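Everything on this sheet refers to the single structure shown next.
Only the coordinates and a few stated rules stand behind these numbers; no lab work does. Only a predicted model underlies this, so the values are computations on that prediction, with no experimental measurement involved. Every residue, glycine as well, gets a Cβ built from its backbone with ideal geometry; the counts of neighbours run over all protein chains shown.
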Amino acid sequence: MKQDDHRTGWAGLAASLAAIVGLTTAAVADGPFLFLPTIISFPTPHAPTTVVAGDLDLDGDADLVVSGRGPDGLVYVLLNDGGSFGTPVAWEVGTQTDDVAIGDLDGDGIPDLVFAVRSLRGRLAVFRGRGDGAFEKPIELRLGREARGVIAADLDGDGDLDLAGLNHREPEIEILLNDGTGEFERAPSLLVGGAAIGIPYPQAMAVEDLDGDGDLDIAVVCTGESRVHFIRNRGDATFDPAEGWRPTRVGGEVGGMSDLVVGDLDLDGRPDVAVPLILLGAVSHLGVYTNRDDSEGLRFDRNVAAPTTDLSGYAFTTTLGDLDGDGDLDAVVGQAIPGPLTVLDNRTVPVSAGGDGVITFEPPQVVANDNFFRSLCTIDVDDDCDLDIIAIDLISNAVWVLRNETPQATDCSRGLRAGGKAQGPPVHEAVARSSSDLHLRPVDADRDGDIDGADVAILLESLGGRSSPDPESAP
């Protein structure tokens, strides 16, 4: 493990900056954002893909789990010890993993882990937790071709956590219903994609009650189609047909999408959906599907798109969190090749406060630089009542822990809201290879007859690990 902690020098800068701009914790937080980095390198070539947070050892703080495409088939757990993370601990899956979910599957009060195994004979790997941050040997649940996503959520409303697995090569979501003991039965699969010429390539999904009827619906990005599909739950883990929605156009161009995050950005009580948009004719943007009340079904406005960087790089991943304590959700976006990590301050004035409710962001602020920020989350790492940022970089094989030193508008009595995305610190020394060495030449990856942002997104998704997802996957 290599760990570079710039906290001491940056803490002095934070104090000076607060004094200069006259910000206090009682004032409205106008920025700029300030984050102090600690960088933890993995002990093996891990090619990290997704990071999630949860209390794995039941000590009251948030630990980390990181999936990856390393050749040794390992996943890593980083336990939080009072605000700092220990050496990454490896657990063996045996092949590449692209996503991970945390949840108590068997009702014993202990968090378990579920990994999406990136194989043409896809599967989920379930690790039963022991309650001390350690796990039993994995149990496998078969899926379709090349699982890219997994969610643990109560889809049928019976009080236990069911599983949804997303297949990348087959445009479907497989539903596994929990019997309450951690055993699963298959429910009908959900088809997504297929509304456009080309290959849909589902890539990422999220669950939330999108229509306000009390059950969890599903939103999924189909990268090859440049569409988000919304799938309404009927309340018993059966679903209406998927509805595919394009994002807002930027300069007439439909952006490529590889990730999504759900949160109430305009404070109207309805969850919105944000997506990073890869564009060839402009810098990357953050697109928003604004959720509008409709008794007949889901309806979204798609007139919001904000730049995610003033620099080069493709926006790949995003998350949300109230980073300045002003009561709304800010956006964090990780770029690729090169990889600035940027924060967009939410300046929406909700209708309830006399505003027009139009989702508005400040220009992006760079808070870190690396090569390919592939996954993000916001959590309170050090229990100081503000949200910190966790980011993983695929190329430099590292976890960035960015502690929040931004003056907060209110104290923590209001509560924190996290998301499941001045110049930042210098690039750390663990970079395995420069992003300038990666020559991304877009081709028609989705076979729709055009070369556009969707093709760039598909190529970025394929980076890391072996050229074949699994030894057993030869066609």
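Put a dot 7 Å past the Cα of ASP240, heading toward its Cβ, do the same for ASP81, and the two dots end up 5.2 nm apart. The gain in end-to-end length when the GLU92 to ASP132 segment is fully stretched comes to 12.6 nm, 0.36 nm per residue minus the alpha carbon separation. Distance between the C-alpha centres of the range 63-138 and the range 326-340: 25 Å, rounded to the whole angstrom.
Compared with the alpha-carbon gap, the fully stretched path from ASP384 to ARG292 is longer by 29.6 nm at 0.36 nm per residue.
Measuring between their Cα centroids, the range 147-179 and the range 352-405 lie 27 Å from each other. Checking every one of the trypsin sites (Lys or Arg not before Pro) in the range 205-311 against DSSP loop status and a limit of 16 other Cβ atoms within 10 Å picks out ARG234, ARG249.
Based on the Cβ-Cβ distance of ASP310 and VAL358, what FRET efficiency does E = 1/(1 + (r/R0)^6) give at R0 = 22 Å, to the nearest 0.05?
On the way: r = 22 Å, r/R0 = 1.02.
The calculated FRET efficiency here is 0.45.
Remark: the range 181-188, residue by residue, has Karplus-estimated 3J(HN,Hα) of 10, x, 9, 10, 10, 7, 9, x Hz, where x stands for each Gly or Pro and the curve is 6.51 cos²θ - 1.76 cosθ + 1.60 at θ = phi - 60°. Rounded to the nearest 0.05, the FRET efficiency derived from the C-beta distance between ARG447 and LEU280 at R0 = 25 Å is 0.90. Legend: P(r) of the range 211-252 from all alpha carbon pair distances, 5 Å bins from 0, whole percents, reading 6, 23, 23, 20, 13, 9, 4, 2, 0.
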